[in-house]
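The values are calculated or read from the model by the stated rules, or taken from the named source; none is laboratory data. Predicted model, so just to flag it, every value in this text is computed and none were measured. So basically every Cβ, Gly included, is an ideal-geometry build from the backbone, and we count neighbours across all protein chains shown.
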Amino acid sequence: MRKRRKWLRSTSLIGVIVISLVVVSCAGDGETTTTGDVATTSAPSDGTTTTAAEATTTSGAMLEAGPGVTDDTITLGILTDLTGIFAAPGNQHVATANLYWDQVNEAGGVCDRQVELEVQDHGYDPQRAVAAYQAMEPNILALHQLLGSPVQAAVLPEAQEDEVAIGIVGWSSSFLDSESVVTTGATYDVQFIAGLQYFLDEGLIADGDTIAHVYFGGDFGENGLRGSSFFAEQHGMTIEEAAIDPTVTDLTAQVTGFQNAGATAILIGAAPPQLTAVVNAQVALGYEVPILGQVPPFVPPLLDNPDLAGPLVDRYYEATPIAPFGVDTPEGQELAAQADQFEDVGISIDIPFAWALASMWHQALEAACDQGDLTRAGYTAALHSLVDVETGVSTPLSYNVGGPSGTAVYIARPNPDVQGGLEVVAEDVTSPLVDEYELP
Amino acid sequence: MSEATPTSGKFSIPAKLPVLVGGALVALAVPLVASAFWLQTGLFAMAAAVGAIGLTLLIGVAGQLSLGHAFFVAVGAYGYSFLAGEGGGLGVGGGSGLGWPPLLAMVGGTAIAGLAGTIFSPIAGRLRGIYLGIATLGLVFIGQHLLKNVKPLEPVSGGFNGRAVPEFEVLGFRFDSLQRLWYLGLVLLVVAYWYAGNLKRNRPGRALEAVRDSEIVAGVMGVRVAMAKAQVFTASSVYAGLAGAILALTFRHIVPEAFGFVYSLDFLAMVVIGGLGSVGGAVLGAAFVTALPLALNQYADVIPLVAPVGSGGFDAATAARVVYGAAVVLALMFLPDGLAGLRRRRRGEDNGTKHTRSAREEIAKAG
């Protein structure tokens, strides 16, 4: 009897397994069907997506459509960090993208289609990112936003194979050798070359000087160091380097070293805590040289601290391909007028960054639509045909070249009285050296 | 542990057979129906399962706490990639290689991980409980630093942006799709499971359990305590190395971030949730810890009352994390013997629980 009961239990267990498998596979199918996808079908046997169906536009012209494109929608993917260490900028980027595409859709969409965003969180974990990418890949035309260097590196090989274009949230030049990768303007290295040129032209530094550079070991910091080292070499300058970890928040020793070495400017390729540490050390040492930063180190809340606000306003400069929030262009003003939309996520330069990225993708979609080719390959080709795209909140972007999509930067300075805390003091700043600079 | 008792073994084999056959058929059929997401998730879970089996031998059977498992997984992953790699890769990151045949490279990468474990084992022999945990934790941070920042290592590591993983191939048969990798993962998991079961049931396993319960008693009974501890550390690292190779093949491009402290903690969660010392439990725990957050993340938008993503409110991504956290807490509260205990409870068998409990107490004492 006991034996028999056991057998019954085991068979019921098999039943449970089989049923759950069926449920799971149905769930898997549901994923592709719920998007209302008629132009793409997912072939379950090999997991790849086949393009089918030629859709027609209202104008009657034939349009070739690929994954993520149906008769009435275009779906773009966003794979970002909403719960991990970059949750703050991640949420800002998603909020801005939602706002941008809502407005586009209200105005009739792109190519007679509504643009939909499929957003997934990866929490800065490569494993989750790769799995989430696999899940969204059959449904999307392209990956609108991908945030986080390690995640980008992990997802890129798959995306390249699937011909999915990727909008990189960040400016590392290490990914530029890939056709699929899209950056927004001057990369970290080029930003520093242009920024240092500005310092030189303004007389803040001179040939033969020593310049200090604090940076994170890793992709972002080292990419910037490459630019500053190149510039220094060309101008007979010496770089006093300090590689640090993100956990280091006291830089007194390093800054004392810079002072002893007679550095006339400090470059910073790190995060807000390190900018705070540099300024604090400077104040303690009475060492008042200008600081050149990029987008990541500066966030508006730094200006709420009275001990930091004064010195930052005095001597912080930011070299950025993105115009700060509230820049005096029609698009910049349009965005600033909607500041209340960003109450929950906060306002920083990431808002115009996401806006510029969306605007650029919008124009690429229009270009692909004009070509009658909304397949992935067609979209990537359209992207790379774009020259001097104006987004209104960034430097002009060109994708017909192999290098970064821009070589100029804005120079912005802190101002506690404006939203977003930054104000443009010079635009279209670039360096003749950029042409000689070799990308990694 | 129930497998170890002769009475249940005699009767349970015919009863288990249909389950085994059914399970095997289901596992074999999955690639025919599942989407890429589920295959990818399944492969991550298989890699984690192999690693968790190694860790449950170390923590559950031998009572040695390790928080450095992710380090040995990384050694296996980078070891395989370097040995099999030809240099250059898709897109970013370089990392060259020695161009070994992939099968040999997998064995080699696993062996290097085992060697790393052996080298570390004298330290493991001297430390106990939470002290050993902290010492192994140091390994994870050293590993991260080596992989990200050390220039001479870059041919192996590819630096911060990681390196490409060469495709697996046996006798000209290429494992170039997730479907094929699924079967490879399955074979390796079955072998790992079978070997660990044998190890645990036989003389070495009993020696390790004796060491766990009392080193002095074990010594008196003729177990060479230091040797046994070194051996289990090596064995666990070999498992981690194999897990690393499967993980690398699933990723296709590996980055240091994938092998951080959080991954080590995940492994600890797997063996605790699965039931300390149970090989089957480790596999279930690995599936729970690996697949649940990924699946929740995918389907979190069905949870009622969540805010739209990007609104800065309580959105689906946050909800997925909360649900996962709650599931872990509930599993530990209501299944004190882990998922393996659930299986035993269903069968109405008690034997083995005592052992598991003593292992848990060991950890509790340590932690």
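Tell me yes or no: at least one residue of segment A:101-120 is at pLDDT below 90, surrounded by fewer than 23 Cβ atoms within 10 Å (Cβ to Cβ) and assigned to a helix (DSSP H, G or I).
No: zero hits.
Inspect segment B:311-318 for any residue being closer than 26 Å to B:Ala36 by Cα, touching a strand residue (DSSP E or B) at 6+ places or on another chain (Cβ under 9 Å) and of a type in the set (Ser, Thr, Tyr) and give the result as yes or no. I'd like the intermediate steps shown before the answer.
Step one: of segment B:311-318, the residues closer than 26 Å to B:Ala36 by Cα are B:315-318.
Retained after the next criterion (residues that are touching a strand residue (DSSP E or B) at 6+ places or on another chain (Cβ under 9 Å)): B:315-318.
Within this subset, residues satisfying the condition of being of a type in the set (Ser, Thr, Tyr) are B:318.
There is at least one residue in segment B:311-318 that is closer than 26 Å to B:Ala36 by Cα, touching a strand residue (DSSP E or B) at 6+ places or on another chain (Cβ under 9 Å) and of a type in the set (Ser, Thr, Tyr).
When segment B:25-53 is examined, which residues are found to be touching a residue at least 60 places away in the same chain (Cβ under 8 Å) and not aliphatic (A, V, I, L, M)?
Those that are touching a residue at least 60 places away in the same chain (Cβ under 8 Å) and not aliphatic (A, V, I, L, M): B:Pro31, B:Phe37, B:Gln40, B:Thr41, B:Gly42, B:Phe44, B:Gly51.
For residues that are in contact (Cβ under 8 Å) with a residue 40 or more places away in the chain and in a loop (DSSP other than H, G, I, E, B), tally how many sit in segment A:370-385. Working first, answer last.
To start, the set of residues in segment A:370-385 that are in contact (Cβ under 8 Å) with a residue 40 or more places away in the chain comprises A:372-380, A:383-384.
Those left that are additionally in a loop (DSSP other than H, G, I, E, B): A:372, A:375, A:384.
The qualifying residues number 3.
Could you list, in sequence order, the residues of segment A:274-319 that are closer than 16 Å to A:Ala412 by Cα, in contact (Cβ under 8 Å) with a residue 60 or more places away in the chain and part of a helix (DSSP H, G or I)?
A:Pro300, A:Leu302, A:Leu303, A:Ala309, A:Leu312, A:Val313
Could you grab me the full set of residues in segment B:265-292 that are crowded, with 24+ Cβ neighbours inside 10 Å and within 30 Å of B:Gly158 (Cα to Cα)?
Of everything in segment B:265-292, those that are crowded, with 24+ Cβ neighbours inside 10 Å and within 30 Å of B:Gly158 (Cα to Cα) turn out to be B:Phe267, B:Met270, B:Ala286, B:Val289, B:Thr290.
Residue by residue through segment B:267-308, note down the ones that are among the small types (Gly, Ala, Ser) and either at the interface with chain A (Cβ under 10 Å from one of its Cβ atoms) or in contact with a Cys (Cβ under 9 Å, 6 or more places away or on another chain) (or both). Walk me through it before giving the result.
Residues of segment B:267-308 that are among the small types (Gly, Ala, Ser), as a first pass: B:269, B:274-275, B:277-278, B:280-282, B:285-287, B:291, B:295, B:300, B:307.
B:Ala291, B:Ala295, B:Ala300, B:Ala307 - these are the residues of segment B:267-308 that are among the small types (Gly, Ala, Ser) and either at the interface with chain A (Cβ under 10 Å from one of its Cβ atoms) or in contact with a Cys (Cβ under 9 Å, 6 or more places away or on another chain) (or both).
I'm trying to understand the selection: among the residues of segment B:218-261, which are of a type outside the set (Asp, Glu), assigned to a helix (DSSP H, G or I), under 22 Å from A:Glu158 (Cα atoms) and over 13 Å from the mean Cα position of the chain (by Cα)? Spell out the reasoning first.
Restricting attention to segment B:218-261, the residues satisfying the condition of being of a type outside the set (Asp, Glu) are B:218-256, B:258-261.
The next check asks that each one be assigned to a helix (DSSP H, G or I); those that pass are B:218-220, B:225-251, B:256, B:258-259, B:261.
From the residues that got through so far, the ones that are under 22 Å from A:Glu158 (Cα atoms) too are B:243-251, B:256, B:258-259.
B:Ala248, B:Leu249, B:Thr250, B:Phe251, B:Pro256, B:Ala258 - these are the residues of segment B:218-261 that are of a type outside the set (Asp, Glu), assigned to a helix (DSSP H, G or I), under 22 Å from A:Glu158 (Cα atoms) and over 13 Å from the mean Cα position of the chain (by Cα).
What residue, of B:Glu209, B:Glu169, B:Glu154, is touching a residue at least 24 places away in the same chain (Cβ under 8 Å) and part of a strand (DSSP E or B)?
Just a single option satisfies the conditions, and that option is B:Glu169.
Among the candidates A:Glu158, A:Glu233, A:Glu240, which residue alone is within 20 Å of the chain's Cα centre (by Cα), farther than 20 Å from A:Ala356 by Cβ and not basic (Lys, Arg)?
On the way: A:Glu233 fails: within 20 Å of the chain's Cα centre (by Cα); A:Glu240 fails: within 20 Å of the chain's Cα centre (by Cα).
Result of the check over A:Glu158, A:Glu233, A:Glu240: A:Glu158.
Which condition does A:Val182 not pass, out of (1) closer than 16 Å to A:Gly224 by Cβ; (2) more than 10 Å from chain B (Cβ to nearest Cβ); (3) within 16 Å of the chain's Cα centre (by Cα), if it passes all the others?
(1)
Given the conditions (1) in a loop (DSSP other than H, G, I, E, B); (2) under 22 Å from the mean Cα position of the chain (by Cα); (3) under 19 Å from A:Ile211 (Cβ atoms), which single one is not true for A:Leu267?
It fails just one condition, (1).
Which of the residues spanning segment A:138-156 are at the interface with chain B (Cβ under 7 Å from one of its Cβ atoms) and under 24 Å from A:Val69 (Cβ atoms)? Give the derivation first.
Within segment A:138-156, the first condition is being at the interface with chain B (Cβ under 7 Å from one of its Cβ atoms), and the residues that meet it are A:149-150, A:153-154, A:156.
Scanning segment A:138-156 gives a single hit, A:Leu156.
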